[in-house]
Amino acid sequence: MTTLSVNLNKIAVLRNARGGDEPNLRKAAETCIAAGCGGITVHPRPDRRHVTAEDVALLAELTRDRVEFNIEGNPFAPARPGYPGFVELVRQARPTQTTLVPDSDGQITSDHGFDLVRDVARLAPLVAELDAIGCRVSLFVDAGTTSGLQRARTIGVARVELYTGPYAHAFARGDASAELAHCASTAMHAAEAGLAVNAGHDLDQHNLGAFRRAIPQLAEVSIGHALISEALYEGLAPTVRRYLSILA
């Protein structure tokens, strides 16, 4: 069974647009957990434009011993006012998983993965530090990546997350076969290297089924923007259950 991890960033975006505490992040997480999701994901950014360090602490406590907690982010992001730095944030929250993403501070959203051939040596000490904290480490990679996967496993990486934006865009155009083949190829090479496979970005109720069928070894999907958007019309709990039905 593929785990559904619900990304709550967009709940925090809506809250921050008005200030105060509505919509309530705790209530949103509780609703998703009660509906059956297997994980909660957040991507706190240094500029605090959605999920904050305080939110991370709240969700770490709420999810503990209930569902997996996944913190995404740039592992090289240093500390600044209101943001303790990625590694320190992980040390404080001790999530189940950290997903390392090569984002710059100003990016609206993640749009590319690590180049494993170029970046593994730079990532190695950070992966070791996160592993020592007790977190499973996943690296965000582009579909079509085949080189460097074995080296990533050697330094302690446990999973890769496929960046599925190009697949979703191709699916919307009506011709996703080439992008789906890239995803499947990377998943196969990752499995051969001993890495589990996650996926995320622009997955929705329309394109998820075909993706899941093409990658039977899929361990986890992290879905936020589409799920929260659909929930505006259909309700949060029913939308989570629809995704779980697709994955089943």
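Brief remarks on what is shown
- One residue from 117, 127 being surrounded by fewer than 19 Cβ atoms within 10 Å (Cβ to Cβ) and more than 20 Å from residue 247 (Cβ to Cβ): 117
- Per the listing 103, 119, the residue uniquely acidic (Asp, Glu) and part of a helix (DSSP H, G or I) is 119.
So that you can scan it fast, the table gives a plain yes or no per residue for (1) among the hydrophobic types (A, V, I, L, M, F, W, C); (2) farther than 21 Å from residue 162 by Cβ:
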{"residue": "81", "(1), (2)": "no, yes"}
{"residue": "99", "(1), (2)": "no, no"}
{"residue": "103", "(1), (2)": "no, no"}
{"residue": "115", "(1), (2)": "no, no"}
{"residue": "121", "(1), (2)": "yes, yes"}
{"residue": "135", "(1), (2)": "yes, no"}
{"residue": "138", "(1), (2)": "no, no"}
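- Filter result for the condition that a residue is out of contact with any Lys or Arg (no Cβ under 7 Å at 6 or more places or on another chain) and hydrophobic (A, V, I, L, M, F, W, C), over 184, 219, 193: 184
- The strands (runs of 3 or more DSSP E) located wholly in the stretch 1-96 that include 2 or more residues which are of a type in the set (Ser, Thr, Tyr), on the phi < 0 side of the Ramachandran plot and crowded, with 18+ Cβ neighbours inside 10 Å occupy 3-7.
- Test: residue in the stretch 194-203 that is in a helix (DSSP H, G or I) and at pLDDT 95 or above: no
- The numbered conditions (1) small (Gly, Ala, Ser); (2) in contact with a Pro (Cβ under 8 Å, 6 or more places away or on another chain); (3) under 20 Å from residue 196 (Cα atoms) are all true for residue 39 except (2).
- Taken over the stretch 213-235, residues that are within 17 Å of residue 43 (Cβ to Cβ) and touching a residue at least 40 places away in the same chain (Cβ under 8 Å) amount to 9.
- Among the residues of the stretch 176-187, those identified as in a helix (DSSP H, G or I), over 16 Å from residue 139 (Cα atoms) and among the hydrophobic types (A, V, I, L, M, F, W, C) are 178, 180, 181, 184.
- When 145, 109 are checked against the criterion of being among the hydroxyl-bearing types (Ser, Thr, Tyr) and surrounded by 15 or more Cβ atoms within 10 Å (Cβ to Cβ), 145 stands alone in meeting it.
- Looking only at the stretch 197-248, and only at residues there that are over 19 Å from residue 13 (Cα atoms) and charged (D, E, K, R), the one that is surrounded by the fewest Cβ atoms within 10 Å (Cβ to Cβ): 213
- Qualifying residue in the stretch 165-175 (condition: among the small types (Gly, Ala, Ser), over 20 Å from residue 217 (Cβ atoms) and either at pLDDT below 95 or not in a helix (DSSP H, G or I) (or both)): yes
The values are calculated or read from the model by the stated rules, or taken from the named source; none is laboratory data. In this text, all values refer to a predicted model and were calculated from it rather than measured experimentally. Cβ: placed from backbone, ideal geometry, glycine included. Neighbour counts: every protein chain shown.
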